[in-house]
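Below is one structure; the comments refer to it alone.
The values are calculated or read from the model by the stated rules, or taken from the named source; none is laboratory data. The model shown is predicted, which means the values in this text are computed figures rather than measured ones. Using ideal geometry, Cβ is built from the backbone for each residue, glycine included, and neighbour counts are taken over all protein chains shown. The accessibility values were calculated without ligands, DNA or RNA, using every heavy atom of the protein model including side chains. Shrake-Rupley method; radii C 1.70, N 1.55, O 1.52, S 1.80 Å.
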Amino acid sequence: MSATILSKPSAAPAPGRRRLSLPVVLLIIAGVLVLTSIVRLITGADGITNTSQMSTALKLAVPIGLAGLGGLWAERAGVINIGLEGMLVLGTWFGAWAGYQWGPWTGVLMGIIGGALGGLLHAVVTVTFNVNHIISGVAINILALGATRYASAFAFEGVPQGTSKQSPPVESLGSFSVPGLSDGLADLNDKGWFLVSDLAGLLGGLVTKMSPLTLIALALVPISWWILWRTSFGLRLRSCGENPVAAESLGVNVYKYKYLAVIISGGLAGLGGAFLSIVANPFYLEGQTGGRGYIGLAAMIFGNWMPGGLALGAGLFGYTDSLKLRGGTENVHALLLLTAILLLIGAIWLLVRKRYVPAIITVVVSALMFVWYQTTNEVPTQVVTATPYVVTLLVLSLSAQRLRMPRANGKPYRKGQGA
């Protein structure tokens, strides 16, 4: 099968919507890190870049990233997966149910299977019966919540340390730190030096008290990229999301690839759920997903349906989510100044591109953020709690101009319709 032919449905980006190159992305990340370091020195909020903060952010980013990665697999094959939240829920329940009885690694496996079952159901409804993808996803979310609530009352109530809403504790998978490097980076982070200490905090979070499951989750990002963009299997799968009629004409079994993609999608979300009920918290608790499936979907969109961008989005949302656990009111107050500076830079960029009305609006919002920072010493706890969701809406609105989802994403398809 010709890779060139199957790549044709993926049209070149429209003028003004060029994909950011890796050097540009790295330059933007470096610039944000420098600004963050400046803000830390001005405000004295050392918690925004310390090792503990980054380690917590990584732990909170993993289930979001796995849900987003699941959405990426499904949508690259042309199936919108709003049911990620329900598949996360299934992963939490199956992971804890099996984990407390037969050990944490069995729980991880069962969490993947639980999420994959949700993916299989979504595939049957959307691919075989052509039901609207959004309706199917919402139905799976509702079904997962109801089924796990009923199953919890049956499986956990009356069991030692279990209730109708909570499982017994699951044995830990353990954690590890890189000898020498972890302590060295922590010491360097404590120095409070400009930029150097901030980099040490960021890197220290990646090598300190890391769960083996976190390492697996991080590895799945480049693995997914390699499979989807460097193998014939991935080429066929992506062709189903761009132009299934053309793919079928070249001999691709579109139904098979859509089914595989959505089942893998559910399995990845289920793994994220198992992470929540085994690593993040060593038990299942009703409602513990907290909308992370939807935030994972937002991370996928923010990343423009690419694994690298998705990982950055998940890291951003995980970081903002971690603020409410460690010095939230002080840290979020410091980030008001960072936000004001970033918005001002954004306004200058809009002026350079002669987009005057958005530039004026951005300047006004930047000024309001600066006034808020200047007239207060900390923010209310309600603002801290809402920060991850506000950031989700903000980054989606700012990145909407450069997004291009797969062409046939969410569109109904019947075998042989191009004949």
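Please check which bits of segment 49-78 a label hung off D187 would reach, taking the label as a point 7 Å along Cα-to-C-beta and the cut-off as backbone N under 17 Å. Under 17 Å, as judged by backbone N against the label point of D187, lie 51 of segment 49-78. Can you name the helices of the chain, as whole DSSP H runs, whose Cα span along the helix axis is 27 Å or more and whose Kyte-Doolittle mean is not below -1.0? Membrane-span-like by this criterion, though nothing is claimed about a membrane: 22-43, 51-76, 104-123, 133-155, 254-275, 328-352, 356-375, 381-399. Using the Stokes-Einstein relation with a Kirkwood hydrodynamic radius computed over Cα pairs, the translational diffusion coefficient of segment 327-419 at 25 °C and a viscosity of 0.890 mPa s comes to 154 µm²/s.
Here's the picture: charge each Lys and Arg Cβ at +1 and each Asp and Glu Cβ at -1 in the chain, and of N377, I278, L403 the one pushed furthest to the positive end of that dipole is L403.
Evaluate E = 1/(1 + (r/R0)^6) for K415 and W226, where r is the Cβ-Cβ distance and R0 equals 35 Å; express this FRET efficiency to the nearest 0.05. Could you put the intermediate results ahead of the total?
Working: r = 29 Å, r/R0 = 0.84.
It comes to 0.75.
Between F233 and L351, the modelled label-to-label distance comes to 5.3 nm, taking each label 7 Å out from Cα in the direction of the beta carbon.
Treat every Asp and Glu Cβ in the chain as -1 and every Lys and Arg Cβ as +1, leave all other atoms uncharged, and give the resulting dipole magnitude about the Cα centre to the nearest 20 debye.
On the way: 28 positive and 15 negative charges, 369 e Å.
Dipole size: approximately 1780 debye.
Under the simplified labelling scheme, the T385-T329 pair shows an inter-label distance of 1.4 nm, with each label point 7 Å from Cα along Cα→Cβ. For the chain, the average shadow cast by the Cα convex hull is 21.8 nm², which is a quarter of the hull's surface.
Result for the chain in a Gaussian network model with C-alpha springs under 10 Å: among G114, G318, G346, the largest mean-square fluctuation is at G346.
Considering only protein heavy atoms and a probe of 1.4 Å, how much of the accessible area of the chain is carbon and sulfur, as a whole percent? If you can, show how the numbers build up before the last one.
Values: 13380 of 19600 Å².
Roughly 68 percent of what the probe reaches on the chain is carbon or sulfur.
Remark on segment 182-256: hydrodynamic radius 15.7 angstrom, per the Kirkwood mean of 1/r across alpha carbon pairs.
Just to confirm, what accessible area per residue do you get for segment 185-224 at 1.4 Å probe, in whole Å²? Don't skip to the answer; put the middle values down first.
Values: 1930 Å² over 40 residues.
Per residue, segment 185-224 has an accessible area of 48 Å².
Between the residues P168, L185, A155, the greatest Cα displacement towards the positive end of the dipole of segment 152-248, with unit charges on the Cβ of Lys, Arg, Asp and Glu, is found for A155. Lys-Lys pairs in the chain that are eight or more residues apart or on separate chains and whose Cα atoms lie under 15 Å of each other come to 5.
Residues of segment 287-419: accessible area per residue at 1.4 Å, in Å²? Spell out each step's value before the answer.
Numbers: 7000 Å² over 133 residues.
Result: 53 Å² of accessible area for each residue.
Placing +1 on the Cβ of each Lys and Arg and -1 on the Cβ of each Asp and Glu in the chain, which of G47, I361, V254 has its Cα farthest towards the positive end of the resulting dipole? Working it through, the farthest residue towards the positive pole turns out to be V254.
The distance between label points at V371 and V25 comes to 3.8 nm (points 7 Å beyond Cα on the Cα→Cβ vector).
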